[in-house]
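Reading through the structure tokens given below for one structure.
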Amino acid sequence: MAVHTTENIKSQMRKGILEYCIMLSLNKHEAYTSDIIQAMRDGGFEVVEGTVYPLLARLKNNNLLGYRWEESTQGPPRKYFFLTDEGRLMLDELEHAFGEINDLVNHIKKIG
């Protein structure tokens, strides 16, 4: 039972931070969806396309991401995502919130 509970908590933590990590990955440069997924995996964050595509669509619909099409020599055109100005403001807020959470966890670890 403890393993199931631990896996459930870890899953919820990953879901809660995925949006932030995707926005971070787009902070300095635009990226194709498979590049975003690979960046997450390279960092040890196992994600699947079925999770990332709807999240990118939601971020785009909320005007946090924009995209542009680029012709590809290996198939159909590719959609490259980038942060909008509104997305950069949201990322700043998320970075602040993550810092507060990190500080709280570190504080609790010290006194616990």
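The values are calculated or read from the model by the stated rules, or taken from the named source; none is laboratory data. Here the structure is a predicted model, which is why all the values come from computation and not from measurement. Because the Cβ atoms are built from the backbone with ideal geometry, glycine has one as well, and the counts that use them run over all protein chains shown. Remember, those area values only see protein heavy atoms, side chains included, never the ligands or the DNA or RNA. Shrake-Rupley method; radii C 1.70, N 1.55, O 1.52, S 1.80 Å.
Some points to look at:
- Tally of residues being open to solvent by less than 90 Å² (accessible area, probe 1.4 Å) and over 14 Å from CYS21 (Cα atoms) across region 91-107: 3
- Odd one out for ARG88, checked against (1) open to solvent by 80 Å² or more (accessible area, probe 1.4 Å); (2) within 15 Å of the chain's Cα centre (by Cα); (3) free of Cβ contacts under 8 Å to residues at least 60 places away in the same chain: (3)
- Residues in region 50-71 that are in contact with a helix residue (DSSP H, G or I) (Cβ under 9 Å, 6 or more places away or on another chain), open to solvent by 70 Å² or more (accessible area, probe 1.4 Å) and not in a helix (DSSP H, G or I): ASN62, ASN63, TYR67.
- Residues (closer than 20 Å to SER72 by Cβ and open to solvent by 60 Å² or more (accessible area, probe 1.4 Å)) located in region 3-30: HIS29, GLU30
- Only one of the numbered conditions (1) at pLDDT 95 or above; (2) open to solvent by 50 Å² or more (accessible area, probe 1.4 Å); (3) not hydroxyl-bearing (Ser, Thr, Tyr) is not met by GLN74, and that is (1).
- Output for region 31-49, where each listed residue is within 19 Å of LEU91 (Cβ to Cβ), surrounded by fewer than 16 Cβ atoms within 10 Å (Cβ to Cβ) and in contact (Cβ under 8 Å) with a residue 24 or more places away in the chain: PHE45
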